[in-house]
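The values are calculated or read from the model by the stated rules, or taken from the named source; none is laboratory data. Computed from a predicted model, the values in this text were never measured in an experiment. Quick reminder, even Gly has a Cβ in these numbers, built from the backbone with ideal geometry, and neighbours come from all protein chains shown.
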Amino acid sequence: MERKVSMKDIAERVGVSIALVSYVLNEKEGRVGPEMAQQIRKVAQELNYRPNLIARSLQSGRTNTLGLIVADISNPFFSNIARIIEDEAKQYGYTVLFGSSDESVEKSQGLIDTFLNRQADALILAPAAGTEPQLMALKKKKIPFVLVDRYFPSVPANSVRIDNYQAAYKAVTHLLRTGKKRIGMLTYDGGMEHMQERERGYRQALEDHGLYQAALSQRASYLHLQEGVATGLSHLLQPDRKVDAVFFATNSLAIEGLKQLNALRLKVPDDVAVISFDESDAFDLFYAPVSYVRQSLRDMGREAVRLAIQGVEQKSRPQVDVIVGADLVIRKSCGFKAG
């Protein structure tokens with residue numbers, strides 16, 4: 001096995017002290033001339049020197065690592081925000097560890113334990129339902145964390161999200177303006193606050209026009225998505241309540257819903273108009289490009305990283321709830337405005 005190159009090896013090659021090499025490689029070379037610093041770095045590169053990050057973290061008390069837990073890293077929403085968080089963290093000199101909770105309380109706890117065992121300085125979480133005790137435990141241990149996309153009213157914490165109520169209200173109002181009157185909604189069960197807010201916005205938009213029917217709001221299980229969407233759509237498309245539009249609370253629900261509408265030979269938007277929360281590349285490939293609520297993922301990721309690192313560096317800072325922007329992207333799946 002090849003012996004690992006040490007600072008001592010570099011010092012001997014250059015003919016200086018180990019302390020001088022340490023000053024340069026730990027970016028504290030104020031007392032070292034620029035020519036000597038350049039020579040030390042050149043020799044370090046030639047010898048393929050790799051710093052001992054564990055030793056460095058023991059000295060500084062930090063690993064410059066963030067842990068990110070999302071529901072499903074394969075979901076375009078979460079994979080896109082993860083990439084933004086990774087790129088933004090790099091600007092601060094941090095690396096990011098990723099994990100998917102699959103909306104499981106047990107998996108969430110396992111990831112938290114793993115990241116903390118690896119000495120992550122802070123966590124960024126899109127928390128699963130039922131994980132409030134895990135977050136309160138982090139607060140008790142004074143471990144910095146930021147909630148992204150989702151939050152719990154009962155857990156005071158730094159968070160970054162959109163106004164889900166207003167975004168949903170705006171989406172449904174657009175459907176009403178196109179002349180739709182029997183608008184169904186398909187959301188997830190589980191009671192997460194951001195889903196409740198989307199449903200509340202949907203309901204209020206319809207109530208403001210005297211059109212709300214509780215039977216037109218259906219829920220599907222995250223763990224049984226295909227069956228849940230099939231059951232929900234079957235209910236919404238019954239002759240006595242046949243909807244003329246469907247508002248999907250997430251892109252994963254929308255994609256599964258579009259598959260099933262195709263299987264039923266229903267045309268979008270002629271038979272059923274469609275609008276979704278969050279975008280997906282699949283929406284561009286559908287014969288009627290899908291309208292959707294676009295969250296500002298770049299702002300969300302940047303703010304989450306900023307708050308996480310502030311939590312590491314200034315643990316006594318007051319907690320903040322950052323609301324970022326959301327736009328409604330109108331395309332063919334909604335049809336056209338009436339009259």
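When we screen Gln260, Gln226 for residues that are surrounded by 13 or more Cβ atoms within 10 Å (Cβ to Cβ) and either over 22 Å from Asn164 (Cα atoms) or without any contact (Cβ under 8 Å) to a residue 60 or more places away in the chain (or both), the only hit is Gln260. Residue count for the range 300-322, restricted to those that are outside any loop (DSSP other than H, G, I, E, B), surrounded by fewer than 16 Cβ atoms within 10 Å (Cβ to Cβ) and in contact (Cβ under 8 Å) with a residue 40 or more places away in the chain: 1. Does Asp149 meet the test of being surrounded by 17 or more Cβ atoms within 10 Å (Cβ to Cβ), under 30 Å from Ser333 (Cα atoms), touching a residue at least 24 places away in the same chain (Cβ under 8 Å) and among the acidic types (Asp, Glu)? Against the criterion (surrounded by 17 or more Cβ atoms within 10 Å (Cβ to Cβ), under 30 Å from Ser333 (Cα atoms), touching a residue at least 24 places away in the same chain (Cβ under 8 Å) and among the acidic types (Asp, Glu)), Asp149 qualifies. Applying the set (1) free of Cβ contacts under 8 Å to residues at least 40 places away in the same chain; (2) at positive phi to Lys142 leaves exactly one unmet item: (1). Of the residues making up the range 62-102, those that are in contact with an Asp or Glu (Cβ under 7 Å, 6 or more places away or on another chain) and under 22 Å from Leu223 (Cα atoms) are Ala71, Asp72, Pro76, Phe77, Phe78, Ser100, Asp102.
Could you please tell me which pairs satisfy a Cβ distance under 8 Å, a separation of 6+ or placement on different chains, a first residue in the range 105-116 that is within 12 Å of Pro127 (Cα to Cα), and a second residue that is in a helix (DSSP H, G or I)? As it stands, the answer is Val105/Gln134; Ser108/Gln134; Gln109/Gln134; Ile112/Gln134; Ile112/Leu138, since those pairs meet every condition given.
In the set (1) crowded, with 18+ Cβ neighbours inside 10 Å; (2) modelled with pLDDT of 95 or more; (3) in contact with a strand residue (DSSP E or B) (Cβ under 9 Å, 6 or more places away or on another chain), Arg182 fails one condition alone, (1). Residue-level analysis places Tyr287 outside the set of residues that are in contact with a Phe, Trp or Tyr (Cβ under 8 Å, 6 or more places away or on another chain) and either touching a residue at least 60 places away in the same chain (Cβ under 8 Å) or under 18 Å from Arg331 (Cα atoms) (or both). Go through Asp270, Asp284 for me and flag whichever is part of a loop (DSSP other than H, G, I, E, B) and not polar (S, T, N, Q). The unique qualifying residue is Asp270.
Taking the numbered list (1) of a type in the set (Val, Ile, Thr); (2) surrounded by fewer than 23 Cβ atoms within 10 Å (Cβ to Cβ); (3) in contact with an Asp or Glu (Cβ under 7 Å, 6 or more places away or on another chain) in turn, Thr173 passes all entries but (3).
For every residue, the table says whether it meets (1) at pLDDT 95 or above; (2) outside any loop (DSSP other than H, G, I, E, B).
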{"site": "Ala215", "(1), (2)": "no, yes"}
{"site": "Gln226", "(1), (2)": "no, yes"}
{"site": "Val246", "(1), (2)": "yes, yes"}
{"site": "Ile275", "(1), (2)": "yes, yes"}
{"site": "Pro289", "(1), (2)": "no, no"}
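Before we move on, is Phe247 within 30 Å of Ala120 (Cβ to Cβ), buried (at least 23 other Cβ atoms within 10 Å of the Cβ) and not acidic (Asp, Glu)? Taking the combined requirement at face value, the residue does not satisfy it.
Considering only residues of the range 264-292 that are among the β-branched types (Val, Ile, Thr) and over 27 Å from the mean Cα position of the chain (by Cα), which is nearest to Ser74 (Cα to Cα)? By that ranking, first place goes to Val268. Taking every residue in the range 37-65 that is within 17 Å of Leu20 (Cβ to Cβ) and pairing it with any residue that is modelled with pLDDT under 55, at least 6 positions away or on another chain, the pairs with Cβ-Cβ distances below 9 Å are Ala37/Glu29; Ile40/Glu29. Does Gln218 meet the test of being within 23 Å of Asp72 (Cα to Cα) and polar (S, T, N, Q)? Criteria met by Gln218.
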